Structure formats: structure tokens, C-alpha cells
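Report on one structure; see the data block that follows.
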Amino acid sequence: MALLDWISPEPGLWLEGEQVRLRAPRASDFEEWRALREVSQAFLQPWEPTWPADDLSRASFRRRLSAYARDRDLGAAYPFFVLRRGDEALTGGITLSNIRRGVAQMGSVGYWCGQPFARNGYTLAAVKTLATFAFRTLGLHRLEAACLPSNGPSRKLLRRAGFVEEGEAKAYLKINGVWADHVLFGLVSPAPDLGADEAVSV
């Protein structure tokens, strides 16, 4: 077993979706993750926060795993890698984060897809799979997502996943070094009476 595999939250938690499987990142994923992010950097950078100088290093990846484990232990986030069904190739990542309980019962969805796998439906399948997990297993009531107004493919993806465009937030997130406006999307559970106490624990 890899040295840091113990850090991965719920290593047995797999989510099955159309075309994809979602699972928690592991230390043994480093080389494949690094290679995919490296070849996709120019493709991803316009839509992401500025990458630190050591972003693709093993030390940085270890820090990611530690942060993932901490957030999972707190019930604040569920990070997954998106694997293509059949050969388990890593296509990207998706995270349910900023989970709020109490009267909110909501979370935020963020995702990325490696350039070699773009426009093949893997991220759309991942978003749908994560939404099912959020509503049926975690008992959340609402999901939120945001993207840059110029990111047409992401806007189209969210609409196809059932999200509704709800407005625009000024200077919402710092993307590629600049505070940028974002289009906001929301998705409400199709079973609005499902509460956290009725959800399956994980």
C-alpha cells in the first residue's frame, strides 16, 4: 500500500455513474494526476486559480490529500477523481465542497477535466453522479455551482445536468490572478422532503 493511501477519505466509497466511476484520490494517483494536469495546464488555467510554482510536485499533492482528508472528516467536502469506466483512466476531478447543514442543507460543486478527455461526456456524467450522491446519500436540499460568463462549455454542461442559471455575482472568485464575475447556477433536490436524518450515512 502506498505510504499515504491511509489519508484518502472513505477508500471504499465508489460512486457509479454513466461512463464514469468516482472515488477518493489516493497517493498512488500522483503520477497519473501530474501527467494529466501538466498536459492540460494551458487548457485549464483560464478557468482556475493561479497555480503555485510547485503545484505539480509530489509534496503539493500530499498537501492536497491532507486537506481532502481534513475536509472529509469534518463533513465539509467530498473530493473525487473521475475515472473512465472500463479502463479506469483518470479524466479529471470533481468536488462537493462548502457543505452547510442546519437550515441550508446545501453544497457547492466544482470540477475539472483533462484536455485529452474533454467533450466526451465524462464531466457531465460526473456532475449527475455527484448530484445523486448529494441528494440521496447525504440528504442535501440544494447544490450550487458557478463559472465564468465566457466559459460556454461549462454553462452548457450545468444546464444539461439540470442546473438553473440564477444570476451573476460580481468579483466572485479570484481566477487566474484576477477577481472575476461568475454566473451562478442552482439545483434543488427532486425529493425536497428528504432530510439529512433520512439519508444513508457514509
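The values are calculated or read from the model by the stated rules, or taken from the named source; none is laboratory data. It should be emphasised that the depicted structure is a prediction, and the values quoted were computed from it without experimental measurement. Here the Cβ positions follow ideal geometry from the backbone for every residue, glycine too, while neighbour counts run over all protein chains shown.
Could you list, ordered by first residue, the pairs with Cβ atoms under 8 Å in which the first is in the stretch 180-202 and over 24 Å from residue 158 (Cβ atoms) and the second is modelled with pLDDT of 50 or more and of a type in the set (S, T, N, Q), at least 6 apart or interchain?
195/105; 196/105; 200/137; 202/137
Taking the stretch 56-73, which residues are closer than 30 Å to residue 181 by Cβ, free of Cβ contacts under 8 Å to residues at least 12 places away in the same chain and of a type in the set (A, V, I, L, M, F, W, C)?
67
So residue 36 ticks every box in (1) surrounded by 18 or more Cβ atoms within 10 Å (Cβ to Cβ); (2) at pLDDT below 95; (3) of a type in the set (A, V, I, L, M) but one. Which box is left unticked?
Among (1) surrounded by 18 or more Cβ atoms within 10 Å (Cβ to Cβ); (2) at pLDDT below 95; (3) of a type in the set (A, V, I, L, M), the lone unmet condition for residue 36 is (2).
Note down all Cβ pairs under 9 Å where the first residue falls in the stretch 35-55 and is in contact (Cβ under 8 Å) with a residue 60 or more places away in the chain, the second is β-branched (Val, Ile, Thr), and they're at least six residues apart or on different chains.
36/91; 46/175; 47/175; 48/175; 49/175; 50/175
Taking interchain pairs and intrachain pairs at least six residues apart, which have beta carbon atoms under 6 angstrom, with the first residue in the stretch 91-106 and of a type outside the set (S, T, N, Q) and loosely packed, with under 13 Cβ neighbours inside 10 Å and the second part of a loop (DSSP other than H, G, I, E, B) and at pLDDT 95 or above?
Qualifying pairs under 6 Å: none.
Consider residue 25 carefully, then state whether it is assigned to a strand (DSSP E or B), modelled with pLDDT of 95 or more and in contact with a Phe, Trp or Tyr (Cβ under 9 Å, 6 or more places away or on another chain).
no
Being in contact with a Pro (Cβ under 9 Å, 6 or more places away or on another chain) and hydrophobic (A, V, I, L, M, F, W, C) is the filter; apply it to the stretch 44-76 and report the residue that is surrounded by the fewest Cβ atoms within 10 Å (Cβ to Cβ).
Residue satisfying both the conditions and the ranking: 67.
I'd like to verify a number: residues in the stretch 80-118 that are among the small types (Gly, Ala, Ser), more than 21 Å from residue 185 (Cβ to Cβ) and out of contact with any strand residue (DSSP E or B) (no Cβ under 8 Å at 6 or more places or on another chain), how many?
The qualifying residues number 2.
Here are 142, 155: which of them is modelled with pLDDT of 95 or more, more than 26 Å from residue 103 (Cα to Cα) and crowded, with 16+ Cβ neighbours inside 10 Å? Can you show your working first?
Numbers: 142 fails: more than 26 Å from residue 103 (Cα to Cα).
None of the others qualify; the one that does is 155.
I'd like the full set of residues that are of a type outside the set (Phe, Trp, Tyr) and crowded, with 21+ Cβ neighbours inside 10 Å, limited to the stretch 114-123.
Within the stretch 114-123, 114, 123 meet the criteria.
With 129, 91 as the choices, which residue is among the hydroxyl-bearing types (Ser, Thr, Tyr) and assigned to a helix (DSSP H, G or I)?
The match here is 129.
Looking at 124, 56, 96, can you tell me which residue is part of a loop (DSSP other than H, G, I, E, B) and either more than 12 Å from the chain's Cα centre (by Cα) or at pLDDT 95 or above (or both)? Steps first, answer last, please.
On the way: 124 fails: part of a loop (DSSP other than H, G, I, E, B); 96 fails: part of a loop (DSSP other than H, G, I, E, B).
Sole residue among the options that is part of a loop (DSSP other than H, G, I, E, B) and either more than 12 Å from the chain's Cα centre (by Cα) or at pLDDT 95 or above (or both): 56.
Among 137, 129, which is the only one that is surrounded by fewer than 20 Cβ atoms within 10 Å (Cβ to Cβ), farther than 19 Å from residue 39 by Cα and polar (S, T, N, Q)?
Exactly one of 137, 129 is surrounded by fewer than 20 Cβ atoms within 10 Å (Cβ to Cβ), farther than 19 Å from residue 39 by Cα and polar (S, T, N, Q), namely 137.
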